[in-house]
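Taking it in order: structure first as structure tokens, then the write-up.
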Amino acid sequence: MDRNAPIGVFDSGIGGLTVAREIMRQFPEEKMVYFGDTARVPYGNKSKTSVIRFSEQIIRFLRTQEVKAIVVACNTASSYALEEVRKIEDIPIIGVINAGARTAAAVTRNRKIGIIGTAGTIGSGTYGNVLREMKPGVEVFGKACPLFVPLVEEGLLEDSVTDEIARRYLGVLKEKEIDTLVLGCTHYPLIRSTIARVMGSSVTLVDPAYETAVQLKTLLGSMETACDAGRELSAEEKYSFYVSDGAEQFTAFARTILPDVVKKTIQINIEEY
Ligand code: DGL
């Protein structure tokens, strides 16, 4: 394995850039190939079979880029497909669920944890299963918040409409007196301040992105596949962005999350993989 090969990161679209951003912050010298499946987003309301098929295709594409490890930077794909793809691939693949669950298990004091995510992530029950295994006796309350993704994609990050919808979705979790809430969807960190305001200061918000990057660091370290130190590469040399549709729109949105990093985006036909 070439230790200076890139890390592959994928999501159903733009949301995984919140995870990519954290990986870039914690690994400034590593190269990255990001793929956003913008033609088939959202994954949150697709079947498990479809999400597994999409994930397998994307991994086949990323392997043509000779990545040394893959991060499934999408909660829905991590919930549905991680186990499956790990069975067939021979490079390390990590998702975001374990990371989010681990942080939540560590920070909860009253053992009541809320999870918000897409209908797929919440319906799969994966966060709950992982959390109960990590911390027996924990109570887990899931709530699907399907309107959050389109609100973020419309740019309504600080808006009275988003506030109102957040109050409606999150009211039920407040009633359960949770003290920890996992932002179990890649888009939600972008409306973190709204969610924090609605939940109040007694609830700790967990963004799995940070812990995912920490896990990746441990993994690359243990496999001795971290890149050589001291490389001085430009953003263009280090990072490549691919999508399945709407390259220009992706570039414009990505620049709001990662200024000065996204120079261009290449569109590919993912159905060919
Ligand atoms: N990236 C997805 C996730 O984290 C959210 C968007 C979608 O539904 O595809 O679950």
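Averaging the sequence gap over all C-alpha pairs within less than 8 Å and six or more residues apart, then dividing by the number of residues, gives the chain a relative contact order of 26 percent. Per residue, the convex hull spanned by the Cα atoms of the chain measures out at 121 cubic angstrom. Where only DSSP H runs of four or more residues are counted, the chain gives -14000 deg cm²/dmol as its mean residue ellipticity at 222 nm, each run worth -39500 (n - 2.57). The HN-Hα couplings worked out from phi for the range 196-213 by the Karplus form 6.51 cos²θ - 1.76 cosθ + 1.60 (θ = phi - 60°) are 5, 4, 5, 6, x, 6, 7, 9, 8, 8, 10, 9, x, 4, 4, 5, 4, 5 Hz, whole numbers, x standing for Gly and Pro.
When the C-alpha to C-alpha distance is required to be over 27 Å, the pairs from K87/K264; K135/K176; K31/K143; K87/K143; K46/K264; K68/K143 that qualify are K87/K264; K31/K143; K87/K143; K46/K264; K68/K143.
In terms of packing, defined here as the mean over residues of other Cβ atoms within 10 angstrom, the peptides 63-75, 156-168 line up highest first as 63-75, 156-168. Annotation: peptides 238-244, 2-8, ranked by per-residue average of other Cβ atoms within 10 Å with the highest first, follow the order 238-244, 2-8.
Evaluate the charge dipole of the range 10-125 about its Cα centre and quote only its size in Debye, nearest 20, assuming +1 on the Cβ of each Lys and Arg and -1 on the Cβ of each Asp and Glu.
440
Based on Cα contacts under 8 Å between residues 6+ apart, the range 77-139 shows a relative contact order of 38 percent. Based on Cα contacts under 8 Å between residues 6+ apart, the range 5-66 shows a relative contact order of 43 percent. Only Cα pairs within less than 10 Å get springs; with that Gaussian network setup on the chain, which residue of G117, G246, G15 has the largest fluctuation? So, out of G117, G246, G15, the one fluctuating most is G246. Figure note: Y188, Y273 ranked by solvent-accessible area, largest first, 1.4 Å probe, ligands and nucleic acids not counted: Y273, Y188.
Between the DSSP loop rule and a limit of at most 15 other Cβ atoms within 10 Å, which GluC sites (Glu not before Pro) in the range 69-149 are left?
E89
Of the residues S234, S222, ranked by 1.4 Å probe accessible area with the largest first, the sequence reads S222, S234. With the whole protein complex present, M223 retains an accessible surface near 90 Å², based on a 1.4 Å probe.
The values are calculated or read from the model by the stated rules, or taken from the named source; none is laboratory data. Predicted model only: the values in this text are computed from it and were never measured. Every residue, glycine as well, gets a Cβ built from its backbone with ideal geometry; the counts of neighbours run over all protein chains shown. With ligands, DNA and RNA removed, areas are computed over all heavy atoms of the protein, side chains included. Shrake-Rupley method; radii C 1.70, N 1.55, O 1.52, S 1.80 Å.
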